[in-house]
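Please treat every number below as a calculation from the coordinates, not as lab data. What you see is a predicted model, and the numbers here were worked out from it, not measured in a lab. All Cβ positions, glycine included, derive from the backbone under ideal geometry; neighbour counts span all protein chains shown.
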Ligand SMILES: CC(C)(COP(=O)(O)OP(=O)(O)OC[C@H]1O[C@@H](n2cnc3c(N)ncnc32)[C@H](O)[C@@H]1OP(=O)(O)O)[C@@H](O)C(=O)NCCC(=O)NCCS
């Protein structure tokens, strides 16, 4: 796994940084109370609304992760970041005034939180814990494109599960990069996955008035039980190196 030594803003011209943390491993009361002091009033209210302690904990660590990660690139106190939400709830940096155009996206799942950071480009990240839950076939039939269903149709057991979560995380990362969320996941695009870094999206009809849409997708496997997909809008040329690192924020 590549390492990020000291992250610098300029590195984001060539790199995508994915910061990972394991909330369950962060239990020190002093650390957690520091995290709480970083959150905005609104974040604290949202955190309190979760019914289960494990969800309150994951939310706290994840939001401290975002704030502390952003402060590694720019000289802003982690508590001073301001966020606003787009039409479908996608958080963006809204202050302090004059900060560079950093973009980020957060994901949290059982046992893992991840924050993707880019400079000035649409980005989305989704992490899932692999495992059979619910009726994956029914979900696939509703959400996936025909070619993706065809790929799944010859698979069973663990192979099916792996491929299901491959398509699922890619679709979710893409929709999160667009900011629409999965409500807009459609069957008119499909993923072709050659390997974890050779992934193409195919559209049934041209996007952006025929100008095309160019994306870089990557799959990361930080631990055997987790799959992480990254989606970043590109200019259609050189791909960026994906650098991932576990931290305690
Ligand atoms: C946004 C969404 C994709 C999150 O999926 P998820 O697997 O539950 O959650 P993840 O852990 O991957 O991501 C959650 C984080 O994504 C970010 N996020 C929230 N809304 C987002 C959006 N529309 N796009 C991108 N990122 C979003 C937030 O940072 C959120 O963290 P928080 O809830 O702790 O603040 C999902 O909730 C969704 O599809 N929402 C639908 C959007 C919507 O309301 N559409 C309405 C029209 S159908």
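Things worth noting here:
- For the chain, the longest principal axis of the Cα atoms and the long axis of helix 157-178 meet at an angle of about 60 degrees.
- Shape box of the stretch 1-108 [Cα atoms, principal axes, largest first, Å]: 41, 34, 25
- Per-residue [θ]222 nm for the chain (sum of -39500 (n - 2.57) over DSSP H runs n ≥ 4, rounded to 500): -10000 deg cm²/dmol
- Selected from 64, 194, 114 as most flexible by GNM, with the chain as the system and alpha-carbon contacts under 10 Å: 194
- Across 25, 225, 213, mean-square fluctuation computed from a Gaussian network of the chain (C-alpha pairs under 10 Å connected) peaks at 25.
- Reported value for the chain: 140 Å³ per residue, from the convex hull of its C-alpha atoms.
- The residue 41 and residue 192 beta-carbon pair, evaluated with R₀ = 51 Å, returns a calculated FRET efficiency of approximately 0.70.
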